[in-house]
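The values are calculated or read from the model by the stated rules, or taken from the named source; none is laboratory data. Keep in mind that this is a model prediction, so the values were computed, not measured. Cβ placement follows ideal geometry from the backbone for every residue including glycine, while neighbour counts extend to all protein chains displayed. Please note that ligands, DNA and RNA were not included when accessible areas were found on the heavy atoms of the full protein model with its side chains. Shrake-Rupley method; radii C 1.70, N 1.55, O 1.52, S 1.80 Å.
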Amino acid sequence: MSKTFDRFASITFLLVGLLFVIESRSISQSAYGSTVGPSIFPTALGIILILLSIRLLFETTKYKDQEGTKEPVQYVKFLIIFVSAAIYAAVLEPVGYVISTFIFLLIAFQTMERGKWISTIIIAGAFSFGIYYFFSEFLGGSLPGFPEF
């Protein structure tokens, strides 16, 4: 574990979380056909990111100095997930939430740990459909549905 990297990452994510919360306040309060305001989820995600960043920052103070045991930085995995997240953001509207989220999660899970296809498919499917149902049906929000090919 790299104490310096973890501290830098926690401060960076803390600032990103603050940016989420601040910028979500400027989102219009009206949404078409939605009883939940569009700023709810960005604000909640920002707060969660801030809390997790603070926890990571405190945990880095408990790290013991370990000399000579450096883990290799996994640039390829990072690049695969970063590019797939950018593509996910680009295709979310035309492809729809459920399909694009399902594919993104499949790629991310398989990038992090190859194999276990059945559990990956089940978790990605349950998450995609579950969040869509919870947000659009239970909370009355609106997400991009399924594509109309």
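Name the residue, out of 93, 113, that is over 23 Å from residue 40 (Cα atoms) and among the acidic types (Asp, Glu). Residue meeting the stated conditions: 113. Restricting 59, 71, 93 to residues that are within 24 Å of residue 24 (Cβ to Cβ), open to solvent by 60 Å² or more (accessible area, probe 1.4 Å) and either modelled with pLDDT of 80 or more or outside any helix (DSSP H, G or I) (or both) narrows the list to 93.
Open to solvent by less than 70 Å² (accessible area, probe 1.4 Å), at pLDDT below 85 and part of a helix (DSSP H, G or I): which single residue out of 36, 21 fits that description? Write out each step before concluding.
Values: 36 fails: part of a helix (DSSP H, G or I).
Sole residue among the options that is open to solvent by less than 70 Å² (accessible area, probe 1.4 Å), at pLDDT below 85 and part of a helix (DSSP H, G or I): 21.
The residues of region 103-149 that are assigned to a loop (DSSP other than H, G, I, E, B) and in contact (Cβ under 8 Å) with a residue 60 or more places away in the chain, listed by number, are 139, 140, 141, 142.
Under the condition of being modelled with pLDDT under 85 and touching a Leu at 6+ places or on another chain (Cβ under 6 Å), the residues counted in region 96-117 number 1. Residue 120 meets all of the listed conditions (1) at pLDDT below 85; (2) crowded, with 16+ Cβ neighbours inside 10 Å but one, namely (1).
For region 127-142, the candidate set comprises residues that are within 16 Å of the chain's Cα centre (by Cα) and not aromatic (Phe, Trp, Tyr); within that set, the residue that is farthest from residue 81 (Cα to Cα) is 130.
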